[in-house]
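Have a look at the structure below, then the notes.
The values are calculated or read from the model by the stated rules, or taken from the named source; none is laboratory data. Bear in mind that the values here come from a model prediction, so they are computed numbers and not experimental data. In this analysis, Cβ positions are derived from the backbone assuming ideal geometry, glycine residues included, and neighbour counts consider all displayed protein chains.
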Amino acid sequence: MSTCSTFYKMFSRIAVASVAVTALNVMAVSPAEAQAKPKAKAAKAGLDIMLMQPKVVKMGDNQFEVMVKAADGKPVSDADVSVLFVMPAMPSMKMAEMRNEVKLKPSGAGMYMGPGNVMMAGTWTVTVSVKQGGKEVGQKKLTLTVK
């Protein structure tokens, strides 16, 4: 076997091992970490939108709690807050897209609470929307894994 061929095989094995380790690290993110590190900020109006509860989302009934603060850190108490769960369609499994919106009620000091049902375990794209006067003033997107 030539030196070049040996080097190529060794390099290929190292590359495959690196990809596997990276994939395992990406999959090891807990739901709590996903909530703590959102993919997008609540850019509109400089709102700080945080999904406080549940810490671990489970299949079935959950109690949701969201905190909304203005850019100056003051609680926003006059808003309509909803949490939208979306799981993309899976044609290979003959499953249509799933959506479920949970409308939360104000509970004081910028907190919004409400019960909601998550229909299935798996990875969900979650959008927390904040509206005032019928217009969206903030939004936060998360990816959560439901167990």
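Tell me, yes or no, whether region 50-67 has at least one residue that is at pLDDT below 95, β-branched (V, I, T) and in a loop (DSSP other than H, G, I, E, B).
yes
Given the residues G133, G108, G114, G122, which is the only one that is over 15 Å from the mean Cα position of the chain (by Cα) and closer than 17 Å to K58 by Cβ?
G114
Output the number of the condition that P106 fails; it satisfies all remaining conditions of (1) surrounded by 13 or more Cβ atoms within 10 Å (Cβ to Cβ); (2) modelled with pLDDT of 55 or more; (3) closer than 27 Å to T145 by Cβ.
(3)
What about G114, is it within 14 Å of V81 (Cβ to Cβ), assigned by TED's automatic domain parsing to the domain that holds G73 and not β-branched (V, I, T)?
Yes: the conditions hold for G114.
L142 versus (1) surrounded by fewer than 13 Cβ atoms within 10 Å (Cβ to Cβ); (2) in contact (Cβ under 8 Å) with a residue 40 or more places away in the chain; (3) in contact with a strand residue (DSSP E or B) (Cβ under 7 Å, 6 or more places away or on another chain): which is the lone unmet condition?
Unmet for L142, out of (1) surrounded by fewer than 13 Cβ atoms within 10 Å (Cβ to Cβ); (2) in contact (Cβ under 8 Å) with a residue 40 or more places away in the chain; (3) in contact with a strand residue (DSSP E or B) (Cβ under 7 Å, 6 or more places away or on another chain): (1).
Here is a yes/no grid of residues against (1) surrounded by fewer than 13 Cβ atoms within 10 Å (Cβ to Cβ); (2) free of Cβ contacts under 8 Å to residues at least 40 places away in the same chain:
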{"residue": "P54", "(1), (2)": "no, yes"}
{"residue": "M59", "(1), (2)": "no, no"}
{"residue": "D72", "(1), (2)": "yes, yes"}
{"residue": "D78", "(1), (2)": "yes, no"}
{"residue": "V81", "(1), (2)": "no, no"}
{"residue": "P91", "(1), (2)": "yes, yes"}
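Looking only at region 93-112, which residues are of a type in the set (A, V, I, L, M, F, W, C) and in contact (Cβ under 8 Å) with a residue 12 or more places away in the chain?
Result: M98, V102, L104, A109, M111.
In this structure, does S92 turn out to be small (G, A, S), over 25 Å from G46 (Cα atoms) and not in a strand (DSSP E or B)?
Here the answer is yes, as S92 does meet what is asked.
Can you name the residue in region 93-103 that is over 18 Å from Q53 (Cα atoms) and not aliphatic (A, V, I, L, M) and, of all such residues, is surrounded by the most Cβ atoms within 10 Å (Cβ to Cβ)?
R99
Considering only residues that are in contact with a Lys or Arg (Cβ under 7 Å, 6 or more places away or on another chain) and under 15 Å from M67 (Cα atoms), which ones fall in region 115-139?
T127, V128, V137, G138, Q139
L144: touching a helix residue (DSSP H, G or I) at 6+ places or on another chain (Cβ under 7 Å) and under 15 Å from L51 (Cα atoms), yes or no?
It is true that L144 is touching a helix residue (DSSP H, G or I) at 6+ places or on another chain (Cβ under 7 Å) and under 15 Å from L51 (Cα atoms).
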